[in-house]
Amino acid sequence: MAHIKKTKVGKGVTYRGRYIAPEEHKNVKDIDIYLDKDEASQPLPFKMAQDNPNFGSYIPILPKVINVNISGDLKHNKKVIVKGDVIDGNEKDSTVQLFILISKEFDNEDDLKPISESQIDQKEFQISKEVVGYYLVAKYTLITADGKIGVPVLNYFFYITYSETRNVRGKNVNKAIAKLDPGEKYPIQFKGGHGVGPNQQYWSRHIGKVACDPTICSVRKKTWKDVSKVEKNHMWDAVKECFYNSDIETYEDTTIKHMGSLWEKWRSKLNLDYVRLCKSRDEVVRNVPEDVDPHDWEWLVNKLST
């Protein structure tokens with residue numbers, strides 16, 4: 001392999017690079033190249049097909065659905081409805097299919113298990129007991145009145161619990177967050193990776209509540225290492241729903257790390273308040289924290305006692 005020298009000859013432009021030499025040039029170390037400027041050819045006035053007006057009629061504009069969401073009571077034996085906002089078309093016979101996440105990470109649909117058939121114009125589903133403890137995912141494929149099929153969209157993840165879950169204790173409600181109107185956010189400042197400024201108390205209380213919210217992150221984890229990337233992303237999204245900073249994404253890693261510390265303290269407090277005071281395993285199982293699903297609590301007791 002010979003090296004191309006950096007040189008300039010006449011009107012030519014020169015480059016430094018490598019040249020794969022044929023057999024007769026195998027002992028050549030340096031090669032001068034000359035590129036002549038083409039004065040005759042005219043460059044095309046466009047770079048992509050859609051920039052060429054003559055191609056406009058051949059570029060398909062696919063219909064889209066955005067803001068796919070699962071609404072309803074996310075508990076077994078309850079009904080949920082999948083909704084989305086349609087743009088670039090009029091919806092007619094779209095299809096929706098429900099899945100559960102069966103792995104810690106979500107890379108593609110191989111990490112999902114279908115729990116419903118993909119049927120036309122069915123958007124209401126009843127949650128079965130078998131999906132409790134999993135994250136629910138909806139796949140929405142838009143079909144318009146003129147027969148166009150949009151790109152399938154997967155929504156965010158929603159954790160399913162049992163119907164008899166107790167209400168969260170009133171003292172855990174963040175009243176400042178509850179006062180926010182839809183779309184409204186508190187501005188937050190950062191210093192050293194941590195929230196500071198006038199809304200620091202709101203920030204600290206909110207990330208603590210999110211970290212320990214069993215509807216965002218399943219209680220069925222032995223350690224913070226068992227919390228998946230999907231669940232951490234879900235936590236971060238819940239934080240960003242209420243706070244704004246132009247560089248907030250810069251602080252995701254430090255915030256998630258801090259939330260991990262809060263999660264571990266919360267778990268230690270559960271052990272102190274609900275386990276150590278009991279004299280038997282059965283008593284521990286009955287001593288369910290008010291904001292934890294009884295079935296999740298029994299699962300956790302069984303795991304931590306083995």
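The values are calculated or read from the model by the stated rules, or taken from the named source; none is laboratory data. Quick caveat, the model's predicted, so the values are computed rather than measured. No Cβ is skipped: glycine too gets one built from the backbone with ideal geometry, and neighbour counts run over all protein chains shown.
Cβ separations smaller than 9 Å between residues 6+ apart or across chains give the following pairs from region 107-127 residues that are closer than 18 Å to LYS79 by Cβ to residues that are outside any loop (DSSP other than H, G, I, E, B) and among the charged types (D, E, K, R): ILE115/GLU130; LYS123/LYS83; GLU124/LYS79; PHE125/LYS79; GLN126/LYS79; ILE127/LYS75; ILE127/LYS79. Take ASP253 and decide whether it is part of a helix (DSSP H, G or I), surrounded by fewer than 18 Cβ atoms within 10 Å (Cβ to Cβ) and in contact with a Phe, Trp or Tyr (Cβ under 8 Å, 6 or more places away or on another chain). When the stated conditions are applied, ASP253 does not pass them. What about LEU272, is it buried (at least 18 other Cβ atoms within 10 Å of the Cβ) and either in a helix (DSSP H, G or I) or touching a residue at least 24 places away in the same chain (Cβ under 8 Å) (or both)? Here the answer is no, as LEU272 does not meet what is asked.
Could you check how many residues of region 260-269 are among the basic types (Lys, Arg) and either touching a residue at least 12 places away in the same chain (Cβ under 8 Å) or outside any helix (DSSP H, G or I) (or both)? Here the count works out to 0. Residue count for region 130-153 under the criterion of being modelled with pLDDT under 80, surrounded by 13 or more Cβ atoms within 10 Å (Cβ to Cβ) and not hydrophobic (A, V, I, L, M, F, W, C): the result is 3.
Condition check ((1) free of Cβ contacts under 8 Å to residues at least 40 places away in the same chain; (2) surrounded by 17 or more Cβ atoms within 10 Å (Cβ to Cβ); (3) under 18 Å from GLY192 (Cβ atoms); (4) among the aromatic types (Phe, Trp, Tyr)) across all residues:
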{"position": "HIS258", "(1), (2), (3), (4)": "no, yes, yes, no"}
{"position": "GLU283", "(1), (2), (3), (4)": "yes, no, no, no"}
{"position": "ARG286", "(1), (2), (3), (4)": "yes, no, no, no"}
{"position": "LYS303", "(1), (2), (3), (4)": "no, no, no, no"}
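Quick one: would you say ILE59 is at pLDDT 70 or above and among the hydrophobic types (A, V, I, L, M, F, W, C)? Answer is no for this residue.
Scanning region 185-208 for residues that are modelled with pLDDT under 90 and touching a helix residue (DSSP H, G or I) at 6+ places or on another chain (Cβ under 6 Å) returns a single hit, GLY193.
Just one of the listed residues (LEU262, LEU270) is hydrophobic (A, V, I, L, M, F, W, C), within 19 Å of LEU300 (Cβ to Cβ) and within 22 Å of the chain's Cα centre (by Cα), namely LEU262.
Only one entry of LYS123, LYS104 meets the criterion of being basic (Lys, Arg) and either modelled with pLDDT of 80 or more or on the phi > 0 side of the Ramachandran plot (or both), and that entry is LYS123.
Which count do you get for residues in region 238-256 that are free of Cβ contacts under 8 Å to residues at least 24 places away in the same chain and in contact with a helix residue (DSSP H, G or I) (Cβ under 6 Å, 6 or more places away or on another chain)? Number of matching residues: 1. Exactly one residue out of PRO289, PRO214 is over 30 Å from GLY183 (Cα atoms) and touching a Phe, Trp or Tyr at 6+ places or on another chain (Cβ under 8 Å): that is PRO289.
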